[in-house]
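Below: the structure, in structure tokens.
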Protein chains: 2
Amino acid sequence: MGQTNEFAHRMASKTIKLVDASGNPVVGKEVALKQTNHKFLFGCGIFDAVQVANKNVSADRLTFLEVKLDKFLDVFNSATLPFYWGTFEPEKGKPLTKELKAAAQWLKERNVTVKGHPLCWHTVTAPWLLDMSNEEILKAQFARIEREVSDFKGLIDMWDVINEVVIMPIFDKYDNGITRISKQLGRVGIIKEMFAKTREFNPGATLLLNDFNTSINYEILIDGCLNAGVSIDAIGIQSHQHQGYWGREKLEEVLYRFSHFGLPLHFTENTLTSGHLMPPQIEDLNDYQIPEWPSTPEFEERQAKEVEEMYSILFKHPQVEAITAWSFSDDGAWLGAPAGFIRSDNSPKPSYEVVKKLIKNDWYTNVTCKTDDNGKVSFEGYLGDYDLVCGDKKVSFKLDKDSDSVQMLI
Amino acid sequence: MGQTNEFAHRMASKTIKLVDASGNPVVGKEVALKQTNHKFLFGCGIFDAVQVANKNVSADRLTFLEVKLDKFLDVFNSATLPFYWGTFEPEKGKPLTKELKAAAQWLKERNVTVKGHPLCWHTVTAPWLLDMSNEEILKAQFARIEREVSDFKGLIDMWDVINEVVIMPIFDKYDNGITRISKQLGRVGIIKEMFAKTREFNPGATLLLNDFNTSINYEILIDGCLNAGVSIDAIGIQSHQHQGYWGREKLEEVLYRFSHFGLPLHFTENTLTSGHLMPPQIEDLNDYQIPEWPSTPEFEERQAKEVEEMYSILFKHPQVEAITAWSFSDDGAWLGAPAGFIRSDNSPKPSYEVVKKLIKNDWYTNVTCKTDDNGKVSFEGYLGDYDLVCGDKKVSFKLDKDSDSVQMLI
């Protein structure tokens, strides 16, 4: 069970007193305590959920995607859904709200926490913003936030509010509406506005700032935002490692630098491939376009090792609360990279087995014990949801840090 | 006189009606309008003023320094004085207040605007801070600000409040009290505290943030500070160019990037040498230690050209309000660099003649005209202080943007 001290912050102890309908202690009975979910968010980008929930692909493809998502559901408990403005509302006034709601609902029914990504970004934004004045763009951006955040409240209560602000006002690959308004508002200014608007329509949501820039730039930006009163709930850190695994040293350095704000850290977009590395001279990963990027047995072993090390380092750090692998499968992976835990034919790679073992075995609690003379059982387990099973009776409960002793009726 | 459109923002027009004691217009008289000072601050680091004002050096040295400062006073109207905590108060409780007051007074009497540099910095800070807890260091830093800002109010109403904050919390060359508290407060946090404290004891002062880092880091830091409500009056930009003149392109890029905050820009520490260039691989300029760094005729010509171009670009930019050359003379120049406008023997370099011509001729107004039938003269001139001389009478006045028509009694 790996219940050693290095994960103590992920665990709690609980004493449960079992009583029967008459209030008498249930003495000397065997009790199974089975973890059913993690508090920690282990996620993937699961854009396929849109097709699966809406069944708007061919029957063959649908079957293939259902198999894929079953493998996802076997291991993970959180998912990121795409809300890129340019694809969510390609034609002004015709957003894909229905389709995305179906996807979010599908995931929610399967006990998966959903995050929307992103509400404001300069890439894949709506092209029709280009016809507007800055004032109109800002108004449209506010209206979009109001619409999506309200429409999905209850289904999606976690948002990447704004993405990649460090580069946003100096992004010069092509003109776009969001870069235009970010130049005018400034970095902290645009973050402030977008967070305030999102918060207005879902006060209880978990709101993230997200960036691929892990340099001092991002640190200073966060520092500025916090001093300016922006209510950031978690710091989002992208870690697309197409050009090679950061390694323990860089990873721990990033954790050190970004943890001093005292906020939860989410690794929002993690990539470790099972293919050759992208050449180091590529600056914008999008510039690397190759016809085929194969997954190979050798590199699959490397990926599995890297996944094991990276997930272990992150799970060990008390402020990390979420890790999202950007591509669950090589099928449909960003840049065509072999970035998934499973291959394009849905077969699992070694990394899938590794991550499954960590999440569903090493860091998961399943114990059986006997109630004592007072009807009590005590146990220590990883934080999350549990079923207590005693004979043919079952009670569900949560294990969290502030629960220690409780009485349950069975 | 160079009164072309590119400097229109530096100029104003004024119509003056001269009347005699009985209120009658003074008609057909010759009038001289002589500029006596610039509104723009042309300055140097003038630490020698401490010795000259306190006469605490040998007679020979004093004479030498007086000659040096005469040359400074011939051209410049502003000066930076040293308030490094470690040299200002080497022994706790024994600050050099008297000595610095004498220097500031000496400069003020000579119509020189004085800036204090800096109130908070991790370099040359008081070594005795190392014996304190972080709480005590912060308290001592606040007390120092209160003392200096109060003691010098009226003599010094312009401060580099805090210096080089981008690197401050990650400065790792040696332990020091200020880096310690900056780690705790964060960058925006320490800036906010230091500005608030300085403002408290001299509400009307011009307060600067100052940095050598002109990258996106500094932009994001300023953005954060402004959004956090820090009342920065001017952005200080260091430009020590020991490794070579930035050139027009970089200079204009820096101006573009830092002007969008809408704040005045001060080039607080400018260096252009008349010697060989420091090798590009040196990262911290302080690491370059050589026994002698000669000024040569060839490089003096280069320096003069660079000074001419750089000062012209800065004077042309409407938001720049001050340029301070860090070393007026090679004698005592930082790093032993031949960075002065004059050599170690007080002889002027070509750059001295160039900067004098710009400041006291090309961008300076001296005109004579005749009063018309209504006793009026109109003129256009560079912003600043003027004497109007008519016969044996003299009236002093200010030429600024919002003055157009005035009546003077002579």
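The values are calculated or read from the model by the stated rules, or taken from the named source; none is laboratory data. This structure is a prediction, so every number in the text was calculated from the model and none was measured. Methodologically, a virtual Cβ is constructed for each residue, glycine included, from the backbone with ideal geometry; neighbour enumeration extends over all protein chains shown. Surface areas here come from the heavy atoms of the whole protein model, side chains and all, with no ligands, DNA or RNA. Shrake-Rupley method; radii C 1.70, N 1.55, O 1.52, S 1.80 Å.
The table below gives the values:
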quantity: Accessible surface of segment B:308-410 [probe 1.4 Å, protein heavy atoms]: carbon and sulfur percent; calculated: 46
quantity: Rg in Å to one decimal, and Dmax rounded to a whole Å, for the protein assembly as shown via C-alpha atoms; calculated: 34.2, 120
quantity: Percent antiparallel among DSSP beta bridges (both partners in segment A:1-117, rounded to 5); calculated: 10
quantity: Exposure of residue B:386 as accessible area (Å², to 10), given a probe of 1.4 Å and all protein chains; calculated: 0
quantity: Relative contact order computed over segment B:129-195 (Cα-Cα under 8 Å; 6+ residues apart), in percent; calculated: 41
quantity: Long-range HN-HN contacts of residue B:37 with modeled amide H, under 5 Å; calculated: B:385
quantity: Charge dipole magnitude, Cβ of K and R +1, D and E -1 - segment A:136-183, Cα centre, debye nearest 20; calculated: 160
quantity: GNM top mover of A:254, A:19, A:67 - chain A, alpha-carbon springs below 10 Å; calculated: A:19
quantity: With every protein chain in place, segment B:113-245: carbon and sulfur % of accessible area (1.4 Å); calculated: 53
quantity: Residue B:301/residue B:243 FRET efficiency (R0 22 Å; Cβ-Cβ; nearest 0.05); calculated: 0.70
quantity: Segment B:142-178 and segment A:251-319: distance between their alpha carbon centers, rounded to Å; calculated: 41
quantity: Aspartates and glutamates with Cα under 18 Å of residue B:316, excluding same-chain neighbours fewer than 8 positions away; calculated: B:6, B:249, B:252, B:253, B:306, B:308, B:362, B:380, B:400
quantity: Per-residue SASA entry for residue A:175, accessible area with 1.4 Å probe, Å² rounded to 10; calculated: 90
quantity: Relative packing of peptides A:45-51, B:376-382 - highest average C-beta neighbours within 10 Å first; calculated: A:45-51, B:376-382
quantity: Heavy-atom SASA rank of B:179, A:36 (probe 1.4 Å, accessible area, largest first); calculated: A:36, B:179
quantity: Nearest-first distances (nm) between copies at residue A:213, label 7 Å from Cα via Cβ; calculated: 1.2
quantity: Test item: B:213-220 mean partner chain Cβ contacts at 10 Å; calculated: 5
quantity: Per-residue HN-Hα couplings for segment B:293-307 [Karplus 6.51, -1.76, 1.60; θ = phi - 60°; Hz; x = Gly/Pro]; calculated: 10, x, 8, 10, x, 4, 6, 5, 5, 4, 4, 4, 5, 5, 4
quantity: Label spacing, shortest first and in nm, from residue B:30 to its equivalents in the remaining copies (7 angstrom along Cα→Cβ); calculated: 12.1
quantity: Phi to ³J(HN,Hα) by Karplus 6.51 cos²θ - 1.76 cosθ + 1.60 over segment A:334-349, Hz, x for Gly, Pro; calculated: 4, 6, x, 6, x, 9, x, 7, 10, 7, 5, 9, 6, 7, x, 8
quantity: In order through segment A:89-106: 3J(HN,Hα) via Karplus (6.51 cos²θ - 1.76 cosθ + 1.60), integer Hz, x for Gly, Pro; calculated: 9, x, 10, 3, x, 10, x, 8, 4, 4, 5, 6, 5, 4, 5, 5, 5, 4
quantity: Positive-end residue of B:369, B:270, B:121, charge dipole of chain B with Cβ unit charges; calculated: B:369
quantity: Accessible area per residue, Å², chain A with all protein chains present, probe 1.4 Å; calculated: 42
quantity: Shielding of B:224-236 by partner chains, average beta-carbon count, 10 Å; calculated: 4
quantity: Sequence-distant lysines (8 or more away, or on other chains) whose Cα lies within less than 17 Å of residue B:29; calculated: B:17, B:370, B:376, B:393, B:394
quantity: Sites residue A:283 and residue B:8, calculated FRET efficiency, Cβ-Cβ separation with R0 51 Å, nearest 0.05; calculated: 0.75
quantity: Heavy-atom accessible area ranking, 1.4 Å probe, most first, across B:211, A:387, B:151, B:74; calculated: B:74, B:151, A:387, B:211
quantity: Relative contact order %, segment B:207-272, counting alpha carbon pairs below 8 Å whose residues are six or more apart; calculated: 42
quantity: Chain B, helix-only ellipticity at 222 nm - DSSP H runs n ≥ 4, -39,500 (n - 2.57), divided by all residues, nearest 500; calculated: -10500 deg cm²/dmol
quantity: Chain B Cβ-axis minimum, rotational copy A, residue and distance in Å; calculated: B:224, 1
quantity: Electrostatic dipole magnitude of chain B [Cβ: Lys, Arg +1; Asp, Glu -1; Cα centre; debye, to 20]; calculated: 1020
quantity: Heavy-atom accessible area order for A:63, B:97, largest first, 1.4 Å probe; calculated: A:63, B:97
quantity: Unit charges on C-beta of K, R, D, E only; dipole of the protein assembly as shown, Debye; calculated: 1760
quantity: Distance between modelled label sites at residue B:250 and residue B:334, nm, 7 Å Cα→Cβ extension; calculated: 1.5
quantity: Accessible surface buried once B binds A (1.4 Å probe; total of both sides; Å²); calculated: 1500
quantity: Residue (of B:168, B:145, B:158) at the positive-pole extreme of segment B:137-176, dipole from beta-carbon charges; calculated: B:145
quantity: Shielding by partners, peptide A:187-194 (average Cβ within 10 angstrom, other chains); calculated: 3
quantity: For chain A: relative contact order, % (alpha-carbon pairs under 8 angstrom, 6 or more apart); calculated: 28
quantity: For residue B:266, solvent-accessible area (1.4 Å; no DNA, RNA or ligand), Å²; calculated: 10
quantity: Convex hull volume per residue for chain B, taking Cα atoms only, in Å³; calculated: 160
